[in-house]
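Below: one structure, written as structure tokens.
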Amino acid sequence: MDETMHQPQDLISRRSMMFKGAALGVGATAVGRLLVDPPDVFAKGHTKAKGGRLTHGDAAILRFLCAAEIIESDLWQQYNELAGIQDGEVPGGSGNEAYTEAVEVLDEDMNVYIHDNTDDEFSHVAFINAYLRAHGEKPVNLDKFRTLPSSQADGAQKNVGRLTNLMQLSVDTSFWTRYRSDTQNPDLGDTLPQAIPTLAVGQHPAIPRDNSDVNDPNHLQAIANTAGFHFAFIEQGGTSLYASLAQRVTSKEVLRILLSIGGSEIMHFQTWQDKAGNAPALTDGGLVFPDLNADGELTQTNLIMPEPTPFLKRKFPPVSIIRPTETKGAAMGAAKALTQDGLFIGQPKEFFNVVTKLAKAADAARPKH
């Protein structure tokens, strides 16, 4: 782990490095250190090790979460290459000034937030894999599936293979209304409406596909708006996933890991849903970003604190909570949501088989006390 540690840099020095690609080699080398193990994503049983033993269930949960973090780190790296801070802390490109400016319409510090979210996800991958190794378990490696094409826009690493596709997204924005409703909870079978209905259908780019996407300011802002809501969609999923799977672990230390990393996912979500609320209303072909403050509290942009809602049973008074946190089928639910998002368009059947196997193993875990 010492090899992947770094010292935080001053915020001003980060900003001063915008659009500089000199540190790209440093970032790429760091990623190489994180994912150097053979691409066998499944451990086989228990193995005695210096760190002790994990139950089958705890190991399965950690492996699925590590796979999810690898997927997250891949998509955040793409966002960072184009609109984040370019430095040696995370792998970067050289930045795309026009796209960065469109994203910063949502907040002037978006480049810093994107960079730091990217850094966080890589740290989650490194830690969970190191913990698995310390307990005699094989780490998770998805490198063989890094075959999807990159953005060809200026600033991206154009020849790097990707795990995720950010150019054909269908973003589920029901998380927005879910956290603002005081009567509905998906754990109780409720289906919440979409905040941006047209974003949830079709296939929309969240990063410029090539330089032609940056020529029309309105179209480019629609791409940036899509990214803003996608940021929040991704992180609300992690917010619920860690809370849901924590209910299935046996080891107190593994529980501590899930609660601690899950807490950072909550911080990410709170940041991103606040910034998404600043996305300007616009129409780009069939994609419509409405004025979210025109239709009442269910879409009001400044209501970023979780509204009290029914929990466990409707006979109890409403309470402010993370939702959903139902543990049954949580991992498969997360895998399905990421798939429906369009992130894996272009991946082979083998990739889906691997993700499904990891998810089913995590969902089969049961605490042993």
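The residues of the chain have, on average, 43 Å² of accessible surface per residue, using a 1.4 Å probe with all protein chains present. Taking the square roots of five times each eigenvalue of the Cα gyration tensor of the stretch 321-369, the equivalent ellipsoid has semi-axes of 23, 16, 5 Å, listed largest first.
If a/c stays under 1.5 just call it rounded; otherwise compare a/b with b/c (prolate if a/b is bigger, oblate if not). Do that for the chain, with a ≥ b ≥ c from the square roots of the Cα gyration tensor eigenvalues. It is oblate, given that a/c is not under 1.5 and a/b is not larger than b/c.
Quick one: which of Lys313/Lys368; Lys138/Lys252; Lys313/Lys349 span more than 31 angstrom between C-alpha atoms?
From Lys313/Lys368; Lys138/Lys252; Lys313/Lys349, over 31 Å: Lys313/Lys349.
Distance from the Cα centre of the stretch 169-244 to that of the stretch 282-321, in angstrom? What the calculation gives is 13 Å, centre to centre. With R₀ fixed at 51 Å, the C-beta to C-beta distance from His56 to Asn159 puts the FRET efficiency at about 0.80.
Overall, the anisotropy analysis places the stretch 144-194 in the prolate class: the square-rooted eigenvalues a ≥ b ≥ c of its C-alpha gyration tensor yield a/c not less than 1.5, with a/b exceeding b/c.
Normalising by the residue count of the chain, find the relative contact order in percent from Cα pairs under 8 Å and 6+ residues apart. Relative contact order, the chain: 20 percent.
On the stretch 53-127, 45 percent of the accessible area sits on carbon and sulfur atoms, based on a 1.4 Å probe. Put a plus charge on the Cβ of each Lys and Arg, a minus charge on the Cβ of each Asp and Glu, and nothing anywhere else: the dipole of the stretch 264-362 about its Cα centre is then about 740 debye. Once C-alpha pairs closer than 8 Å and six or more residues apart are averaged by separation and normalised to the residue number of the stretch 56-100, the relative contact order reads 28 percent.
What you get for the stretch 172-316, charging only the Cβ of Lys and Arg (+1) and of Asp and Glu (-1), is a dipole of about 740 debye around the Cα centre.
The alpha-carbon of Lys158 sits under 13 angstrom from the alpha-carbons of these aspartates and glutamates, leaving out residues fewer than 8 places away in its chain: Glu81, Asp210. For Leu282, nonlocal amide neighbours, meaning residues 5 or more places apart or on other chains whose placed amide H falls under 5 Å from its own, are Phe289. From the square roots a ≥ b ≥ c of the eigenvalues of the alpha-carbon gyration tensor of the stretch 254-346, which class results: rounded (a/c under 1.5), prolate (a/b over b/c), or oblate? Note, shape of the stretch 254-346 comes out oblate. Using the rule -39500 (n - 2.57) for each DSSP H run of four or more residues, divided by the residues of the chain, the 222 nm mean residue ellipticity is -14500 deg cm²/dmol.
Order Met167, Met267 by their accessible area, 1.4 angstrom probe, all chains in place, largest first.
Numbers: Met167 30, Met267 130 Å².
Solvent-accessible surface, decreasing: Met267, Met167.
For Leu255, the solvent-accessible surface computed with a 1.4 Å probe is close to 60 Å², ligands and nucleic acids excluded.
The values are calculated or read from the model by the stated rules, or taken from the named source; none is laboratory data. Here the structure is a predicted model, which is why all the values come from computation and not from measurement. Reconstructed Cβ throughout: ideal geometry from the backbone, glycine too, with neighbour counts over all protein chains shown. These area figures cover heavy atoms from the full protein model, side chains too; ligands, DNA and RNA do not enter into them. Shrake-Rupley method; radii C 1.70, N 1.55, O 1.52, S 1.80 Å.
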